[in-house]
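Asker: Pasting a structure here, questions to come.
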Amino acid sequence: MSIATDYSNSNGLLFWPSSPRTRTPKNVDSGHLIGRIINERITCVSALAPFLDKDTATRDKLHKLYHVDIVGEWKLVAGVSETSMEQDGRDIHVGLNSSTCRIQLPQHMLHRVSVIYYQQPNSRALQYLSLQPLTLDPQIRQHASPASTRQRDLNRRSTRMFEDRQELFIDDHLDGVLAEINASLDVERHLVDMGLNEWYPYQRIVENLSKVGSWIGSRLHPLHMLLVYPISGLVLMVYMILEACTLLLNTRVLGMKSWRDVSVTGQQIDLRIRQLVYWPWQYLLWRRKDRESKLKPEGQAQYIGFYNTVWLVANDVIVGIGLGAFVIANADFLSETFIKCLQIYGIETIKSMVVWLMSWPGGLKLNSKLAKFLGELFLWLIDFWSGSLQPLEAYLPTYIRYAGLSGTLGASFIVSLAADLLNVTTLHLYLFYLVAAKLHSWQVSAIMSLFNLFRGQRQNPLRKRVDAAEYDLDQLLLGTILFTVLIFLFPTVAVYYMLFYISRMAVISLHGFCDIALAIINHFPLFAIMLRFKDPGRLPAGIRFRITSALDGLILENVPIGLNTIFYQYWHLLTLLQIRVFSWDIIRSSLLGLHIQRLPALQYPSPPRMTRSATFGDIHQFLASL
């Protein structure tokens, strides 16, 4: 059948492996086709085997394990250069590696058959084809999205339209076809184990290497089991220490916030402890699955999530060691630079701005008495804080060296300690912001209440609405006086609030850069990106049919997932950032002087907290399964 064949005239489909991994013995040039008849019009061939008419045991075993049977016969021929069909409709010529194969399919005697080639996925390498896109987030239930559901509905409608023109309708049978294709290499592997087929040279090397690895593992297994018990006891002790650390991190003393709530380093330690505690459970949960469950989207998400976290922690430690060495070697320089920047931007710049606001800033006439009072108050607090930071100059190099040493735990700990240092050294700006914001909030609230008084209204806090009210003349007079005073004092308080609001936003922005760095370190999909470029067959998002001139027919190909699916954690974090920064609540709080807290850590919520503590048996089972 030429590539220009009109597929609308064909009423049968044959799915054929374009490059089988096995071959029959050299003296065998004909035999049976092993596969599955999906329905009366669709046949999927998994492997080529010698004649099995008398070998009923092998046929029964193949049918029991893989639900396949004999679907036709094949024979190697010479002198045929392209896929074609004989005039009597019984013989089909298809490509087989560098040869041509003539096949007979009894169920398609009266059908004109179109050939669709496919590459065999390797289930041992966790490759598979699927119509359902893979979702890497294990916390999201794997199901077809509305968009994909609509697309499939469109496909069904379009195929039904073509069916009216005698075109084949296969959409409802693609799941069965893909299940057979996913098991095709296992069928070939079984035929090799039964001595019926043999591997091609390249695949033989791959299989032999796999067997060598299995043989080495079996030889080392007794030593492994001998070391399991003492290592289990040691791991149990470490596990108990980690649980004690988690308890300390999350303990509230006298109703105050826990260390995890106030310290970025505490949050990072808590995250690493949860990962170390959850890893064995996550690995066992995936390891206990059978191969069919491992190839499902849920199993793939667990596998990729586990190894992605392991790779991230390993790379975090590697980068942290190098970054820590740099920090230790340049501790004095980093200390001097930080103190200089803090003195210039955190002390001197704020002082100069306060002095500027005590006069007429930009020609704006302020209340001189109130401006002087607030300015002197803030200047005194700045001088007090500047004096309190003097001992920091002596101890800061030591702190930076310890931060460099923490790089052995990962670069994320260096970033966390830097964020905590920023929070402590800019505490005065936070206190100034609280004072100015509280004054501004009181003044705005009073002005709005007095404005309602002029309109004959009042705020109803129970019903959360403004109701009509009647006021006496003396109340209106007193309200007018207070409103006038507050309006004239409002610009003075507002400019001080604006100064410390901007300084607060600057500190929050610097802290946000640290959070972004931690989000990249903790959640970068390194393993998934590597699979996307190295082995996209393990990240299926669907299939497509492509016409090629190399083979006379269609080729069924895997469509890997896109970058938006791989970077799902960052989309989640960007959504959180958008809600927290660009929301109406933030704008309203800024205008009314309400307290704006530091943004919570941009950490994706994984892994979950364990509901119970691990026992010695659990740890022993985990180590024995490695």
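Asker: Since residue 559 meets every condition but one in (1) more than 29 Å from the chain's Cα centre (by Cα); (2) under 28 Å from residue 292 (Cα atoms); (3) at pLDDT 90 or above, which condition does it not meet?
Answerer: (1)
Asker: Determine if the range 207-220 includes at least one residue that is farther than 30 Å from residue 28 by Cα and aliphatic (A, V, I, L, M).
Answerer: Among the residues of the range 207-220, at least one is farther than 30 Å from residue 28 by Cα and aliphatic (A, V, I, L, M), which makes the answer yes.
Asker: Still on this model: Could you figure out which of (1) assigned to a helix (DSSP H, G or I); (2) touching a residue at least 40 places away in the same chain (Cβ under 8 Å); (3) in the same structural domain as residue 490 (by TED's automatic domain parsing) isn't true of residue 301?
Answerer: That leaves (3) as the condition not met.
Asker: Restricting attention to the range 537-547, does a residue exist that is under 30 Å from residue 433 (Cα atoms), at pLDDT below 90 and crowded, with 19+ Cβ neighbours inside 10 Å?
Answerer: No; the residues of the range 537-547 include none that is under 30 Å from residue 433 (Cα atoms), at pLDDT below 90 and crowded, with 19+ Cβ neighbours inside 10 Å.
Asker: Another one. Report whether or not residue 492 is assigned to a helix (DSSP H, G or I), hydroxyl-bearing (Ser, Thr, Tyr) and over 31 Å from the mean Cα position of the chain (by Cα).
Answerer: Yes, satisfied.
Asker: A further question on this structure: Given the criterion in contact with an Asp or Glu (Cβ under 9 Å, 6 or more places away or on another chain) and either over 20 Å from residue 494 (Cβ atoms) or not charged (D, E, K, R) (or both), identify the matching residue among 413, 373, 384, 378.
Answerer: Within the list 413, 373, 384, 378, the selection yields 413.
Asker: Which of the residues spanning the range 519-541 are among the charged types (D, E, K, R) and over 14 Å from the mean Cα position of the chain (by Cα)?
Answerer: Correct list: 534, 535, 538.
Asker: Which condition does residue 507 not pass, out of (1) modelled with pLDDT under 85; (2) over 18 Å from the mean Cα position of the chain (by Cα); (3) within 26 Å of residue 419 (Cα to Cα); (4) surrounded by 12 or more Cβ atoms within 10 Å (Cβ to Cβ), if it passes all the others?
Answerer: (1)
The values are calculated or read from the model by the stated rules, or taken from the named source; none is laboratory data. This is a predicted model, so every value here is computed, not measured. Using ideal geometry, Cβ is built from the backbone for each residue, glycine included, and neighbour counts are taken over all protein chains shown.
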